[in-house]
Amino acid sequence: MRKYVPVVFLALALALLLAACGEAVDAAAAAVENYLNALVAKDADSISALSCADWEPQALLELDSLQAVETRLEGLACTSTTEEDGSISVNCVGKILATYNGEDQELDLSVRTYVVTEQGGEYLVCGYR
C-alpha cells in the first residue's frame with residue numbers, strides 16, 4: 001500500500017498543474033457577450049451597468065432601436081484580439097435576428113470590433129469600430 005502513496009501524490013500534483021494551465025476566462029469577451037445578451041433581452045439596467053459612462057447614451061439608443069422588434073442571438077462567440085492604450089478589442093461572430101411582422105433581419109456581429117476597458121475591476125463596453 002505504501003508504494004502507491006507517491007504515485008497518488010504525483011497524480012494529484014499533475015492534476016493541479018493541468019488545472020492551473022487550463023484556458024483562462026476571457027473577461028473582456030465575456031463582457032461583450034453579456035452586453036449583447038442584455039441588448040437582445042432589452043434590459044436597460046444591465047446595458048447601463050455593462051457600458052462605460054461615455055458609451056451609455058449610445059448603448060441605450062441602440063436598445064431603443066430594438067424595442068419594436070423581437071430579437072434573439074444566434075451563434076454568438078466573442079474573443080479578445082488586441083490590447084492597446086488601455087483598451088481591449090473584441091471580435092464576435094454570430095448575429096442578432098430582429099423579427100418584425102414575421103420577417104427576420106440579420107445584424108451580423110462580425111462587422112464590428114467592440115472596444116472594452118477595465119474600470120474598477122470590471123470590464124465595460126465602450127463602443128465599437
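Please treat every number below as a calculation from the coordinates, not as lab data. Please read all numbers here as calculations on a predicted model, not as lab measurements. Every residue, glycine among them, receives a Cβ derived from its backbone with ideal geometry; neighbour counts consider all protein chains shown.
Structure notes:
- Computed lengthening from VAL69 to ARG112, 0.36 nm per intervening residue step minus Cα-Cα distance: 13.4 nm
- P(r) for the stretch 26-128, from all Cα pairs and a bin width of 5 Å, is 2, 14, 24, 26, 19, 9, 4, 1, 0 %, short bins first.
- Diffusion coefficient, µm² s⁻¹, Stokes-Einstein with Kirkwood Rh over alpha-carbon pairs of the stretch 90-129 at 4 °C and 1.567 mPa s: 110
- Under 12 Å, Cβ to Cβ, from THR71 - net charge with Lys/Arg +1 and Asp/Glu -1: -3
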